[in-house]
1. Taking the chain as the region of interest, what is the percent of Cα-Cα pairs per 20 angstrom bin, listed from the shortest bin to the one with the maximum distance?
2. What aspartates and glutamates does LYS198 reach when the alpha-carbon gap must be under 16 Å and sequence neighbours fewer than 8 apart in one chain are set aside?
3. Counting only protein heavy atoms, what percent of the accessible surface of the range 98-230 is carbon or sulfur at a 1.4 Å probe?
4. Please report the projected area of the range 149-271's Cα convex hull averaged over all directions, in nm².
5. Give the residue list of GluC sites (Glu not before Pro) in the range 159-246 that are DSSP loop and have at most 12 other beta-carbon atoms within 10 angstrom.
6. If the cut-off is a Cα-Cα distance under 21 Å, which lysines reach LYS250, setting aside same-chain residues fewer than 8 apart in sequence?
7. Would you kindly derive the ³J(HN,Hα) couplings of the range 111-121 from the backbone phi angles with the Karplus curve 6.51 cos²θ - 1.76 cosθ + 1.60 (θ = phi - 60°), listing them in order in whole Hz, with x for Gly and Pro?
8. Go through HIS134, ALA175, ALA165 and say which Cα lies farthest out towards the positive end of the charge dipole of the range 122-206; charges sit on Cβ, +1 for Lys and Arg, -1 for Asp and Glu.
Amino acid sequence: MRSTEDGAMMRVARLAPLLLLPLMTPAAAAPVVDIAYGAYQTGHYRRAQAEALKRIEANNNDAAAMTLLGELYRQGFGIPADQKVATEWYEQAAARGDINATFALAMQLLDEKSSRRDPARAGVLLEKAAAAGHPQASYNLALALLATGRPEDDKRAVSYLDIAAKAMIGEAMYALGTLARQGRGMQESEEAAAGWMKRAAEAGNAAGQVEYAIMLFNGTGVAKDEAAAGKLFLRAAGQGNAIAQNRLAKLYQFGLGLPPDRIEAAAWHLVARAQGLEDASLDGLFDRLNPEQQARAGRIAASRISTAVLTSP
């Protein structure tokens, strides 16, 4: 089985801005009940907005409350989404030193839909947030550095990805595994790559699960284990990863790591094909089933596709 990298690390990817209020600095994380953020966490967005505004009225320097308002307007939680207002709240919070707001503002300024798009300023803000140890900022800055193609930037990217990986960001672990395989920013090592892909898989990263499953199946950088590979493909396929669904179909087709099952093979092929991943050999498998078997495979696939649609963001 081949790797799924295919140059994926050459693009600049983004994580959506996330509120990380529990990770505030010790000075800001005083042992008081945060009613506004508690309401946000439990889905009471109107109350979260009211409590945040109340806090700002009492203290015009409450940056955490401003960041929370920015997030409510950005997501449209409890109120109509308004990117302009969201950006204004992030701006005020960032000016008062809130590192979460600094990161969120950088993402807003990078957004193609933003009326205030400013990539140059976004880069400065991203550097500032990453320097303060913000995990998502570190991850996004690392990907921007990798996009330059300069060896010195590759090394910087690895250091930022390490910060993000320590915060359990699976995408960062996957990126480090990819770089270890390529020898970019670090020594080339299949063993190191397998270690990072394993960690990414354990963190729930579907791409990491697929890549580590392929390495397990082939015995690349890790002891060969087709059964373990099959289990990982099952996990990633359940998350909607089309490559995992296709590979899983082949494992069921040939009985590699999993018991042979032509119905399961056909069903997973149909699910992958519904996402645009064609495979002529698996089309042939489906065509060789009798009408009753084809109907069973179709019902199983339809159920999985429906479940994926219902659970997608």
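1. Here the calculated profile for the chain is 29, 47, 23, 1.
2. The reachable aspartates and glutamates, counting only those whose Cα sits under 16 Å from LYS198, are GLU5, ASP162, GLU171, GLU190, GLU211, ASP225, GLU226.
3. After summing per-atom areas, the C and S share lands at 51 percent.
4. 7.4 nm²
5. Those satisfying the criteria are GLU188.
6. Candidates past the 8-residue exclusion: LYS224, LYS231.
7. 5, 4, 8, 6, 6, 10, 4, 8, x, 5, 5
8. About the Cα centre, the residue reaching furthest to the positive side is HIS134.
The values are calculated or read from the model by the stated rules, or taken from the named source; none is laboratory data. Given the structure is predicted, the values throughout are model-derived calculations rather than measurements. Heads up, the Cβs are rebuilt from the backbone with ideal geometry, glycines too, and the neighbour counts pull from every protein chain shown. Surface areas here come from the heavy atoms of the whole protein model, side chains and all, with no ligands, DNA or RNA. Shrake-Rupley method; radii C 1.70, N 1.55, O 1.52, S 1.80 Å.
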